[in-house]
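Contents: one structure, followed by commentary.
The values are calculated or read from the model by the stated rules, or taken from the named source; none is laboratory data. The structure displayed is predicted, hence computed values, not measured ones. Every residue, glycine among them, receives a Cβ derived from its backbone with ideal geometry; neighbour counts consider all protein chains shown.
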Amino acid sequence: MTKAKPPIAMLAELTHRCPLSCPYCSNPLELTRQEAELSTEDWARVFREAADLGVLQLHLSGGEPATRRDLEDLVCAARDAGLYTNLITSGIGLTERRLRALDDAGLDHIQLSLQGTTPEMADEIGGYRGGFARKLQVAEWIGKIGFPLTLNAVLHRRNLHQLPRALEMALEMGARRIEVATVQFHGWALKNRDALMPTKAQAAEATRLVAEARVRLKGRLVIDYVPADYHSDYPKRCMGGWGSTGLNVAPDGTVLPCHAAQTIPHLRFESVRDRPLTAIWYEGAAFEAYRGTGWMKEPCASCERREIDFGGCRCQAMALAGDPAATDPVCVKSAQHLDLQARAAAHAEADSPLTYRSAPGKPATEPAE
Ligand code: SF4
Ligand code: FES
């Protein structure tokens, strides 16, 4: 068994319900229904267990966390447990009054998603008419109340040209940070690869724009950047390394090493309903499976980068190579790397309609007209 350190962050997926239906959603294709969600009391206990385990930051996510009517109580419970709280939201479902109640409950930070920089783009990608106007209103309230704000722009082939405007919007909204996240292909995004895959030229231009903006906006705006990894030569250090710095709790209480871990068929996951979080983190078979470097095969096992990227993303290795212990095919040392680059180019040239994320218990919606 690898000696694990305590996690720093926990992502609590409070619900899979969401008014938007973004085709890039990282939620699983099989969404959890409301009846199966953890109760307020369950979550409060989980937050205490997380704090006891050593978690410092709690990310309240979904779906849309604001669809939980007890969100204010959950924030209060997290604050009482001593956790730093970040609300990851589309803004839909938040009113000024609700934001003030969240402020009173002790919410520390808000991360607001951006589907596009024009109403046409944002409303088309979110599948929600009027969503863009609503989001601008919410951003104004966030500024007025004084929450620290991060803007989260998910970029793909259809909206990468809007990156310069997204940076301007972050400044206009008073955000301290923007996350420029090129779509990662898990969950619904994997289903939409033909519609969303950026071209190699777009990926290179985004990297150039981010580098230039980091210099120009130094001291005014922090830019976190997730590049288009199918077009890269080395993979991302997914989750900071499996079971090393963070964990996710799904709406029904299932504890996951990452949001896509359930796509790895042989892993067994445990629930906070059955076992304390500390035992799941340190002893759970799913967390032990790819912790550290002992599970690696060649070329990762003897690679000088093995403790830099930990072989990339296990879920991507599963999806692309059919083996979660394989080298992530994004890596130049993977036997599948050239094939992946060719497939990325083919996805980027395909002209597919969007398949929107469904609501829990419902089939995916038809492609947009
Ligand atoms: Fe990372 Fe494995 Fe590639 Fe080395 S061979 S760079 S450890 S993915
Ligand atoms: Fe599961 Fe990367 S998303 S390890």
Could you pull out the residue among V180, V138 that is in contact with a strand residue (DSSP E or B) (Cβ under 6 Å, 6 or more places away or on another chain) and β-branched (V, I, T)? V180
Could you run through the range 151-172 and say how many residues are in contact (Cβ under 8 Å) with a residue 60 or more places away in the chain and either within 21 Å of T85 (Cα to Cα) or aromatic (F, W, Y) (or both)? 1
Quick one: which helices (runs of 4 or more DSSP H) sit completely within the range 211-329 and have at least 1 residues that are within 16 Å of ligand 1 (Cβ to nearest atom) and within 21 Å of E13 (Cβ to Cβ)? 314-321
Give the residues of the range 332-361 that are outside any helix (DSSP H, G or I) and either of a type in the set (A, V, I, L, M) or in contact with a strand residue (DSSP E or B) (Cβ under 8 Å, 6 or more places away or on another chain) (or both), sorted by residue number. V332, A335, A350, L354, A359
Just one of (1) closer than 29 Å to A204 by Cβ; (2) within 16 Å of ligand 2 (Cβ to nearest atom); (3) of a type in the set (S, T, N, Q); (4) surrounded by fewer than 22 Cβ atoms within 10 Å (Cβ to Cβ) trips up T327, so point out which. (4)
Pair list, Cβ < 7 Å and 6+ apart or interchain, from the range 185-196 residues that are farther than 9 Å from S352 by Cβ to residues that are within 16 Å of ligand 1 (Cβ to nearest atom): H186/C315; L190/A319
How many residues are over 22 Å from T89 (Cβ atoms) and surrounded by fewer than 19 Cβ atoms within 10 Å (Cβ to Cβ) if we restrict to the range 159-190? 2
Cβ-Cβ distance below 6 Å, separation of 6 or more or different chains: which pairs start in the range 319-330 with a residue that is under 15 Å from T263 (Cα atoms) and end on one that is of a type in the set (F, W, Y) and part of a loop (DSSP other than H, G, I, E, B)? A325/W295
Six or more apart or on different chains, Cβ atoms under 8 Å: show the pairs whose first residue is in the range 232-247 and among the small types (G, A, S) and modelled with pLDDT under 95 and whose second is part of a loop (DSSP other than H, G, I, E, B) and buried (at least 24 other Cβ atoms within 10 Å of the Cβ). S232/V330
For A260, all conditions in the list (1) surrounded by fewer than 18 Cβ atoms within 10 Å (Cβ to Cβ); (2) within 16 Å of ligand 2 (Cβ to nearest atom) hold save one; what is the number of the exception? (1)
Only one of these is touching a residue at least 24 places away in the same chain (Cβ under 8 Å), more than 30 Å from V46 (Cα to Cα) and surrounded by fewer than 18 Cβ atoms within 10 Å (Cβ to Cβ): S334, S302, S352. Name it. S352
Lone qualifier among G126, G143 - being in contact (Cβ under 8 Å) with a residue 24 or more places away in the chain and surrounded by 21 or more Cβ atoms within 10 Å (Cβ to Cβ): G126
Give just the number: which of (1) crowded, with 19+ Cβ neighbours inside 10 Å; (2) modelled with pLDDT of 95 or more does D108 not satisfy? (1)
Among what's in the range 223-245 and is in contact with a Ser or Thr (Cβ under 9 Å, 6 or more places away or on another chain) and of a type in the set (A, V, I, L, M), pick the residue that is nearest to ligand 2 (Cβ to nearest atom). M239
